[in-house]
Ligand SMILES: C[S@@+](CC[C@H](N)C(=O)[O-])C[C@H]1O[C@@H](n2cnc3c(N)ncnc32)[C@H](O)[C@@H]1O
């Protein structure tokens, strides 16, 4: 397993998703295979199953694992939804090869599929699709649910044009985001690590484009589950952090300084889990406050 202390994550992530074809991929494989992650993947699959059942949809036909990595969550999902077809998207060849081996070992049928054909009726039950993300040329409005677990999408330097074409420059988003990036917390203790407005703006807009891509994949009224690292329960976060999160998620249904932006998801619920998976963050930031916490699952409905 690659030693996280020897990896310069900031430099590695400049390569975009290709960073996961290097030592970062080995580090991630070590993390994703440990007990805390195994438990988390099972809990997320269980949560998604229970929630879809609650929506009267216990047997979805199409699920998407967005940025599936080396596939441990895919295996948990395939166990929980024996009748669903699963589209697994990721940019890293190395991660997808590992996913393929992992799925074969656990007895699940999978195979590589071209991005444009990933929802075709014919094909393996689990479709492993190598693609840079976000990708707006993937078939639209097909999935019953899309799941995005431990997001760490790394745009490559040449990707900005693509982001610009898919919402990064949308006027109403730019206006709201400019305010959200500049506002400061009432309590300075709540201030987030990134408090440079330019960097904050870029992060919020980039992640909102990714949420648009999640919305692109899922059917109207379909479900989206995002699993984020977290230091606290979602409702314990400051009001400003909650509003920024909803903006990123495309689920902000209130005005910011009398300005509005489009909501394309509706926020439904959230569940927090205390877990050692938070150490993934600590390995990258080396910030001791990232040694405690866990993750939370947020659920959305596509509108
Ligand atoms: C932190 S891992 C999470 C993997 C998986 N969701 C899990 O929880 O095990 C992030 C994954 O995102 C993929 N990734 C990062 N940036 C990407 C991009 N721009 N396009 C496609 N895949 C990307 C990496 O290859 C890696 O597999």
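What follows draws every value from the coordinates through simple rules; no lab data is involved. Note that this is a predicted model, so its numbers are computed, not measured. So basically every Cβ, Gly included, is an ideal-geometry build from the backbone, and we count neighbours across all protein chains shown.
Kirkwood Rh, Cα Rg: Rg to Rh for the stretch 72-228?
Details: Rg = 17.9 Å, Rh = 17.5 Å.
Rg/Rh: 1.03.
Counting only DSSP beta bridges with both residues in the chain, what percent are antiparallel, rounded to the nearest 5?
The answer is about 45 percent antiparallel.
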If the viscosity is 1.306 mPa s and the temperature 10 °C, what Stokes-Einstein diffusion coefficient in µm²/s follows for the stretch 93-146 when Rh is the Kirkwood radius over Cα pairs?
131
Can you give the relative contact order of the chain as a percent, counting alpha carbon pairs under 8 Å and 6+ residues apart?
17
Using just the C-alpha positions of the stretch 158-229 as equal point scatterers, what log10 of I(q)/I(0) does the Debye formula give at each q in 0.12, 0.16, 0.21 1/Å?
-0.42, -0.70, -1.02
Separation of alpha-carbon centers, the stretch 195-243 and the stretch 126-143, rounded to whole Å
20
Computed over all unlike Cα pairs, the Kirkwood hydrodynamic radius of the stretch 4-302 in Å stands at 19.6
Packing-based order for 63-70, 206-213, 260-267, using average beta carbon neighbours within 10 Å, highest first
63-70, 206-213, 260-267
Ordering of 271-277, 163-169 by burial proxy (mean other Cβ atoms within 10 Å per residue, highest first):
271-277, 163-169
